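Following: one structure in structure tokens, then a few remarks.
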């Protein structure tokens, strides 16, 4: 959410910065509604001043025993006119709010120009895709051959874009989540948090999913929303709060199921586990002082990278271009892991600095050492990482010629020492 004053003070500069995302945003309509709101409020205040004057004159006339019926009629008319102008101001205030809700965050100056993922910039690559000496298979081919990954049964139970995992693969998925939580809490200073998977309107609004992205979410009969990521409840733990500066940064992590309608994914990744309606993810959220968010963004991204490095997976860091950066983010690093079955780099983590964009929507502020409220906090979120995609990456990168899967060393303790699945 943006401060209308920032748009009002420099409309051309704001339009130029918001236009860097490559789409046209009608800030003129927002400014028109704001001007009408302020004009209506000015008239309402003028009418109130006149009414106050008449009320004073009525009091004086009554003390003199004079007839005040004409003045009283005028006061009633002024009150009615004032209320109409206040209603008009309220209506235009709603239009301003609706307009502001459609505007994405302003981009960091470091974000490169570009329309889509083809214009993203590879910052670095760690590890190289290995030569298997055979044609590597995709994860669903491996899992189905092992009898431990069942998409047909999942379709029978729930429909498309679900999976049933069995035996050692179910244990491997669980091990991945536990490994990530242990890493982030034990080495990276995040506090493990168990959060609701169902949240209310204001919670989803606070992180920017509502109202613009409602079609991407699942909603229950009683009006709650299934979380698309633990970012939503974790970030909103500070909604409406004034946080003492000495408590910051707050670092929170959670392993949850996540639910996405994938409304715009028709025909994309229809085979396998890459794009599902339900999946598990370890989320990291940081709440920081404004001056610390850039450094925290780098720290968070390195924490996600550590997961992939410990698993021995080739990965690369990518800086998203303007057209590919998410609605609430000012700057985003994606981590992409190599999937030999697809012969492609695929996203496994996104780490974003949202600055004060979400904090304004949530009204989350900070109190300085002097006891004064110093403004809004900054919020950051990142996948640390997507568990299902990590399972895919481990399966495809650790597959053997006979279809068995080696278990990375860091995961073996979580599997009772199991070093190989199948074979």
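Here, each number is a calculation from the coordinates, and none is a lab measurement. A quick note: this is a predicted structure, and the numbers were derived from the prediction, not measured. For neighbour counting, all protein chains shown are included, and Cβ atoms are generated from backbone atoms with ideal geometry for every residue, glycine included.
Stretch residue 62-residue 12 to full length: gain in nm at 0.36 nm per residue minus the Cα-Cα span?
12.4 nm
In which sequence would 2, 378 go, from the one with the fewest C-beta neighbours within 10 Å to the one with the most?
Starting with the residue having the fewest Cβ neighbours, the order is 2, 378.
Once you place label points 7 Å from the Cα toward the Cβ at residue 134 and residue 374, how far apart are they in nm?
6.0 nm
Over 21 Å, how big is the tail of the calculated P(r) for segment 4-101, in percent of all Cα pairs?
Numbers: 2441 of 4753 pairs.
Cα-Cα pairs in segment 4-101 separated by more than 21 Å: 51 percent.
Provide the packing ranking of 347-355, 25-33, 171-179, i.e. peptides ordered by the mean count of other C-beta atoms within 10 Å per residue, highest first.
Numbers: 347-355: 25.1, 25-33: 17.0, 171-179: 20.8.
The packing order, highest mean first, is 347-355, 171-179, 25-33.
Run the paramagnetic zone check for residue 102: 7 angstrom along Cα to Cβ, then residues of segment 13-37 with backbone nitrogen under 19 Å.
Those under the cut-off are 14-37.
In a Debye calculation with equal point scatterers on the alpha-carbon sites of segment 158-310 and no solvent, what is log10 I(q)/I(0) at q = 0.17, 0.21 Å⁻¹?
So the normalised log intensities work out to -1.15, -1.44.
Compute the relative contact order of the chain as a whole-number percentage, counting only Cα pairs closer than 8 Å that sit 6 or more residues apart in sequence.
In percent, rounded to a whole number, it is 19.
Cα centroid distance between segment 345-420 and segment 218-288, in Å?
When both Cα centres are located, 11 Å separates them.
Fewest Cβ neighbours within 10 Å first, please rank 46, 291 accordingly.
Ascending number of Cβ neighbours within 10 Å: 291, 46.
Between residue 401 and residue 344, what is 0.36 nm times their sequence separation minus the Cα-Cα distance? Round to one decimal in nm. Walk me through the numbers before you get to the answer.
On the way: separation 57, 0.36 × 57 = 20.52 nm, distance 1.98 nm.
Difference between extended and current length: 18.5 nm.
If you compute Cα Rg over 2.2 N^0.38 Å for the structure shown, which of [x] 1.01; [y] 0.97; [z] 1.26 do you land on?
Evaluating Cα Rg over 2.2 N^0.38 Å on these atoms matches [z].
From a point 7 Å beyond the Cα of residue 3 in the direction of its Cβ, which residues of segment 319-360 have a backbone N at a distance under 13 Å?
356-357, 360
For the pair residue 32 and residue 79, what calculated FRET efficiency results from E = 1/(1 + (r/R0)^6), where r is the Cβ-Cβ distance and R0 = 30 Å, to the nearest 0.05?
0.60
Cα axis of helix 387-397 to longest principal axis of the chain: angle in degrees, 0 to 90, nearest 10?
On a 0 to 90 degree scale, this one is about 30.
What is the distance, in nm, between label points placed 7 Å from the Cα along the Cα-to-Cβ direction at residue 24 and at residue 158?
Distance between the two pseudo-spin positions: 4.2 nm.
Put a dot 7 Å past each Cα toward the Cβ at residue 214 and residue 197; how far apart are the dots in nm?
Calculated label separation equals 2.4 nm.
What is the helix-to-structure angle for 27-63, meaning the angle in degrees between its Cα long axis and the longest Cα principal axis of the chain, kept from 0 to 90 and rounded to the nearest 10?
Between the helix axis and the principal axis of the chain, the angle is about 30 degrees.
Please work out how much length the chain gains when fully extended from residue 222 to residue 126, using 0.36 nm per residue of separation minus the C-alpha to C-alpha distance, in nm with one decimal. Display every interim value, and only then the final one.
Working: separation 96, 0.36 × 96 = 34.56 nm, distance 4.66 nm.
Full extension from residue 222 to residue 126 adds 29.9 nm.
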